[in-house]
Amino acid sequence: RTCEGRNIRYRTCSNVDCPPEAGDFRAQQCSAHNDVKYQGQFYEWLPVSNDPDNPCSLKCQARGAALVVELAPKVLDGTRCYTESLDMCISGLCQIVGCDRQLGSAVKEDNCGVCNGDGSTCRLVRGQYKSQLSANKLDDTVVAIPYGSRQIRLVLKGPDHLYLETKTLQGVKSENSLSSTGSFLVDNSSIDFQKFPDKEILRISGPLTADFTIKIRYAGAADSSVQFIFYQPIIHRWRETDFFPCSASCGGGYQLTSAECFDLRSNRVVADQYCHYYPENIKPKPKLQECNLDPCPASDGYKQIMPYDLYHPLPRWESTPWTACSSSCGGGIQSRSVSCVEEDIQGHISPVEEWKCMYTPKMPVVQPCNIFDCPKWLAQEWSPCTVTCGQGLRYRVVLCIDHRGMHTGGCGPKTKPHIKEECIVPTPCYKPKEKLPVEAKLPWYKQAQELEEGAVVSEEPSFIPEAWSTCSVTCGVGSQVRLVKCQVLLSFSQSVADLPIDECEGPKPVSQRACYSGPCSGEATEYTPEETELLYSSLQEFDDLYDWEYEGFTECSESCGGGVQEAVVTCLNKQTRETADETLCVTSRRPPQLLKACSLDPCPPR
């Protein structure tokens, strides 16, 4: 009677997670009443969890009915009070249990799922995705959420639909369409999905047991947006090593620890750059301790423990220059070799074991480079149609734009949008031919020709053409010229150097071409469809229509005693075989000069 408090003490036991096939402890207690009649009838009982008034009573619901009954005033000891908590019922009362599974403990998990952690083993990821409708795409990836992520929440607003793709660590892939509201398991991860007419909400408490890819399936003409937030585990973490071998076998030496980057998914050591990827990952500093303090056999005492003195510098890291970047844009890598070296009293440098340099961080051996976006094609607005009725053509300027918004080269020719397409004006045509508004259309064609793709100086010698000159005539067909240089980019100084032409490989771009500046008369001309295509598609037809040809030889330079004749080269229209202006052949290579001997008879004596 003089003792205070209760005469019984509790503690937790079996503090390991139950396997999935073990089932719910509260559900087992409800099912134990299945073979007992209730009001003269048998029922299959299911658990009713999370009762806010009395969480430690055994309330069960009959399957397929709204009947809820308290089958026992209290559940068995050790039953969870709530599904999302470790708190447990003891003698009908809910007792607090910390994440360390100890009664009365207030220790909780951090956002990363680490008991009493500081949140340093994961990172918060939040973002927003906006759909971009395309006739060629039916779906798109919103975000990839890796294995082990927690507290995942996505909200879609708009007419489109979310669905899941998963991949386990064993490589097994699956897909879930998320067609209806409900809670279900996907690769042993509990999913809560809510579907509304104008939005969808996806919640996953985690941790994920597979890699999840959240995708969107387009369903309407309107755009959708998805907001997402989750905690992503830092799967590459530093792990301290054991001490390296002692620096001396006797007489006193030192030994160091190091840190290695460890992959928690594959349980293996990986390259250091994986751990450097996370700013939260701080590499532990090496520890140093004395070792092998016993005197050496030839010594009458052990030396003072000093790894090195002022006359014997500490080992140090040395590196080679960085290699060239693996990619000119879009993100690449460059590497170098780093080694531990030691310098003796005479100044001679020799390589030594890496552990001797571990007192300072090792310099990175790879680094990202050229992380700016690659040039992309940018199409301008379409020109007006070339006709005022019926079927015609329209044009647009397509530029190659770099990450600074500057007109440049380097875009892939296969992905270039077309600059010309057919157009139809719904006005019926009442004339056999349509007058072409030349003054309104030619600037579009001319601009598209002048803004053709250029070339970018690289670290390999390459031909770099400059801009074309203006056309040599103000109307009709003329010629344009440009300067073509052989240039190279010096990676160290990031400057451009000119090289001799023969240093560049491959065909040299042309330095002359034909140009057309419109008709010379001031009036709009009536064109046939063939003439319209000639004007607006390309000047390639000039190359096909006109070419250089040999037409006989000049008179012999001497009347006797041996002379030479030179072949006459003229510009011909290949269809009419008529002589044309030489400016029409400027895009074709002029044939070489041909000479032949003539008047070989000896001259008569004077």
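The values are calculated or read from the model by the stated rules, or taken from the named source; none is laboratory data. A quick note: this is a predicted structure, and the numbers were derived from the prediction, not measured. A quick note on method: Cβ atoms are made from the backbone with ideal geometry, for glycine too, and the neighbour counts reach across all protein chains shown. In case anyone asks, the SASA skips ligands and DNA or RNA and just uses the protein heavy atoms, side chains included. Shrake-Rupley method; radii C 1.70, N 1.55, O 1.52, S 1.80 Å.
Does at least one position in the stretch 94-101 carry a residue that is over 18 Å from GLN232 (Cα atoms), small (Gly, Ala, Ser), modelled with pLDDT of 90 or more and not assigned by the TED database to the domain that holds CYS261? The answer is yes; a qualifying residue exists.
When residues in the stretch 185-199 are screened for being open to solvent by 60 Å² or more (accessible area, probe 1.4 Å), among the charged types (D, E, K, R) and assigned to a strand (DSSP E or B), 2 of them pass. Being under 27 Å from ILE204 (Cα atoms) and not assigned by the TED database to the domain that holds GLY206 is true of GLY113. The strands (runs of 3 or more DSSP E) found entirely in the stretch 76-184 include none that carry 3 or more residues being crowded, with 18+ Cβ neighbours inside 10 Å and touching a His at 6+ places or on another chain (Cβ under 8 Å). Note on the stretch 200-216: residues that are assigned to a loop (DSSP other than H, G, I, E, B) and crowded, with 18+ Cβ neighbours inside 10 Å total 3. Filtered by the rule that a residue be within 30 Å of TYR254 (Cβ to Cβ) and of a type outside the set (D, E, K, R), the stretch 352-395 gives VAL352, TRP355, CYS357, MET358, TYR359, THR360, PRO361, MET363, PRO364, VAL365. One residue alone among ASP502, ASP547 is acidic (Asp, Glu), modelled with pLDDT of 65 or more and part of a strand (DSSP E or B), and that residue is ASP547. When you check SER14 against the structure, is it surrounded by 14 or more Cβ atoms within 10 Å (Cβ to Cβ) and under 22 Å from GLY78 (Cβ atoms), yes or no? So SER14 does not fit the description; no.
Residues of the stretch 417-428 that are open to solvent by less than 80 Å² (accessible area, probe 1.4 Å) and either on the phi > 0 side of the Ramachandran plot or of a type outside the set (A, V, I, L, M) (or both): PRO417, LYS420, GLU421, CYS423, THR427, PRO428. Among the numbered conditions (1) in the same structural domain as VAL142 (by the TED database); (2) in a strand (DSSP E or B), the only one that ALA219 does not meet is (2).
Here GLU200 meets the list (1) touching a residue at least 60 places away in the same chain (Cβ under 8 Å); (2) touching a His at 6+ places or on another chain (Cβ under 8 Å); (3) of a type in the set (Asp, Glu) almost entirely, failing just condition (1). None of ARG26, ARG6 is open to solvent by less than 50 Å² (accessible area, probe 1.4 Å), under 22 Å from LYS74 (Cβ atoms) and charged (D, E, K, R) except ARG26. On inspection, LYS137 qualifies as touching a residue at least 60 places away in the same chain (Cβ under 8 Å), of a type in the set (Lys, Arg) and assigned by the TED database to the domain that holds ILE229. Residues that are aliphatic (A, V, I, L, M) and within 44 Å of the chain's Cα centre (by Cα) were ranked within the stretch 14-41; the one that is farthest from CYS99 (Cα to Cα) is ALA22.
For the condition in contact (Cβ under 8 Å) with a residue 24 or more places away in the chain and open to solvent by less than 80 Å² (accessible area, probe 1.4 Å), ALA72 qualifies. Only residues that are over 17 Å from SER190 (Cβ atoms), modelled with pLDDT of 90 or more and in contact with a Ser or Thr (Cβ under 7 Å, 6 or more places away or on another chain) were counted across the stretch 149-164, and they come to 3.
Taken together, the residues in the stretch 337-359 that are in a loop (DSSP other than H, G, I, E, B) and open to solvent by less than 50 Å² (accessible area, probe 1.4 Å) amount to 3. So in the stretch 390-416, with the set limited to residues that are in contact with a strand residue (DSSP E or B) (Cβ under 7 Å, 6 or more places away or on another chain) and open to solvent by 40 Å² or more (accessible area, probe 1.4 Å), which one is nearest to SER458 (Cα to Cα)? Among those that are in contact with a strand residue (DSSP E or B) (Cβ under 7 Å, 6 or more places away or on another chain) and open to solvent by 40 Å² or more (accessible area, probe 1.4 Å), it is GLY410.
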